[in-house]
Structures are given as structure tokens and as C-alpha cells.
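The values are calculated or read from the model by the stated rules, or taken from the named source; none is laboratory data. What you are looking at is a predicted structure, and each value in this text was computed from that prediction instead of being measured. Every residue, glycine among them, receives a Cβ derived from its backbone with ideal geometry; neighbour counts consider all protein chains shown.
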Amino acid sequence: MKKDFLHVDDWDGETILAVLDLASRVKAKFAAREKYLPFEGLTLAMVFAKPSARTRISFETGFFRLGGHAIYLSPSDIEIGKREAIKDIARVIGRYNDILMARLFDHEHIIELARYASIPVINGLTDYNHPCQIMADIFSVLEHRGNLDDLKVAYIGDGNNIVHSWLRLATRLPMHFVCACPPGYEPDRDTVEKARSAGISTIEIVDDPGHAARDADVVYTDVWASMGKKHEFEERKKRFQGFTVTSELMALAKPEACFMHCLPAQRGVEVTDQVMESKASIIFDQAENRMHVQNAIMLKLLKKA
Ligand code: CP
Ligand code: NVA
């Protein structure tokens, strides 16, 4: 097994499902307030080059609740890629800590961190992907639906890091994944190609949200301008007209379909308030499940389960 977790498809389908199963057992222990301290005596370094609520809180709380100590390093502490060479800070952190989670801009930087760190490195989001989010998302789908059979996921909006992680998951678990985005905002072409050529999922990239949402089990969206692209928001707002997830769009999906969003959301932009607050919305389960799934990922990487 790989030392790090940088892409969801670093693991095969069997390992992904085993980690999801472990996450449900860890979640049950939390619910029962069972004493379970597998991370006792261990430290987690958390390096952030971008803002975060969920990623920081879920990693820090989860690691602490399982007996360990997590250290938050803000964008101005490490200044990744600026203050010193990545290969230096990677080896330094490896001398102090047992595991490292990083949220960075440049995807190449996390690959370099992992190459030089002697300890497991977890990707807490880069411009390219967000594997912990997608693990929590597929766990949430499984929890709500009971199975992943004949799953149709419709993603409406920007072809961003979340989409790349869905596409990479589709190389490991079979699904029908449709991304509806405005022309010019499609996901990375090589990642789409890889997902198609893996041959286990059906992949569509379209510009019609209605086509994507029809008979979907999941309707998913994310912000139109990700971190690092916020200055493009006004322009994107014009280009993304018609891509808001509304109740009318949700009505095209299956009656029992879930609405999902990784959060943070811009209510009234990529999704209406009504959809966010609807019965179909499982956004807060997704947020909670980040913690349980990440605990399972860390248990696996630290060989504690
Ligand atoms: N979904 C997610 O990663 O949220 P944060 O940016 O708040 O960590
Ligand atoms: N696509 C968003 C996800 C935030 C969790 C971003 O990168 O800002």
C-alpha cells in the first residue's frame, strides 16, 4: 500500500470500500462515546496555504478524539514554497510528527512534500483535487442509499478539484458520472480521459444541467470560483447563468435523490436557499462524515486498523 493519500485512486476499489467500512465502525464508536485511543502519543502536523473551516476542524477534532495531538500551521507559518525549499520542510516535519496533512495551491507541491517526507502525507485539497472530501461524499451516499448500485451522480457547475476527485473515484468504483458545466469550465481533459479509459464507469461532460440532473441519484454542486480564483467571480457569475441548482432542477432527479455540496456554499449563487434547506439536502452529513472518514484514512495509513 502507498505511504500517502494524495488521490482517491491511490487505493484500489477494495481498499476504498474497506476504509469506508472502517469509517462506519469508527463513527459508531464516536456515537457510543466508546473509549478508543489508537492515536495516543502521536502528532499530526496540519499545513494550510489556503483558508479552511471543515478540513481544519474535522482533522484536529478527529485526531484529538482518537487520542492524538494535532498542530495547526497557518499560511503565514510555513509559507510553503516561499520560506524554504519544500524538500527541506518535508524532512523537518518528518523528524517531529507522525503524519502530515496539507492544503496547498499547487498540486506538484503536495507530491513533492510526500516524496521527501518520511511520514504519511494526506492531501487536504489542492487546486487539482480533494480526495478526503470525495471519500466522505461517497461514504455519505452509501449511508443514505444503503448501496452504490447503478449510481448516477450529476455534478452541476465548475469543472474543478471536486470534479477531478469524482472522476478519479469513477476509475475505482462503477458509476454514471455527468458533469454539466459552461463551455470553457470543463474538468481537466487527461483526468476525463483516464476516467473513461478505466472502463468501469460512464462519464459524460455536457453543458445542459437538465440533461445531467435527469434521473440522478445525487445532484452535487460547488462554488463557481474556487480558492485562488475568487477574483474571477464576477465574470464567472455571468458565464454560469442557468447552472444554479434549483428546486426545478432537483425535480428532474429521482424522487429520492440527494442534494450534495462540499461547502462552503454561496447561497443564491450555485444553489438556492430552498434546495440547501430541503429534505433532499445531506450537506451537514457530508461535513460530519469528513471527520469519521479521515479518521479511518489515518488509521489505515498509520497501520492502526
Ligand atoms: N469542504 C471543505 O474542505 O471545507 P473547508 O474549505 O472549510 O475546509
Ligand atoms: N472547489 C472549492 C472547494 C472548497 C472545499 C475550492 O477549491 O475552493
Enumerated strands (runs of 3 or more DSSP E) restricted to the range 185-292, each holding at least 1 residues that are within 16 Å of ligand 1 (Cβ to nearest atom), under 29 Å from Lys50 (Cα atoms) and modelled with pLDDT of 95 or more: 218-221, 258-261
If Thr61 meets every condition in (1) of a type in the set (Val, Ile, Thr); (2) surrounded by fewer than 20 Cβ atoms within 10 Å (Cβ to Cβ); (3) more than 23 Å from Ala136 (Cβ to Cβ) apart from one, which number is that one? (3)
Ala296 is checked against (1) of a type in the set (Gly, Ala, Ser); (2) within 30 Å of Leu42 (Cα to Cα); (3) surrounded by fewer than 18 Cβ atoms within 10 Å (Cβ to Cβ); (4) modelled with pLDDT of 95 or more and fails just one. What number does that condition carry? (3)
Just to be sure I understand, how many residues within the range 56-81 are among the charged types (D, E, K, R) and within 16 Å of ligand 2 (Cβ to nearest atom)? 1
Only one of (1) closer than 22 Å to Leu169 by Cα; (2) in contact (Cβ under 8 Å) with a residue 40 or more places away in the chain does not apply to Asp98, and that is (1)
Candidates Ala114, Ala53 - the one that is within 16 Å of ligand 2 (Cβ to nearest atom) and within 23 Å of Val293 (Cα to Cα): Ala53
Which is under 30 Å from Val19 (Cα atoms) and within 16 Å of ligand 2 (Cβ to nearest atom), of Pro255, Pro187, Pro182? Pro187
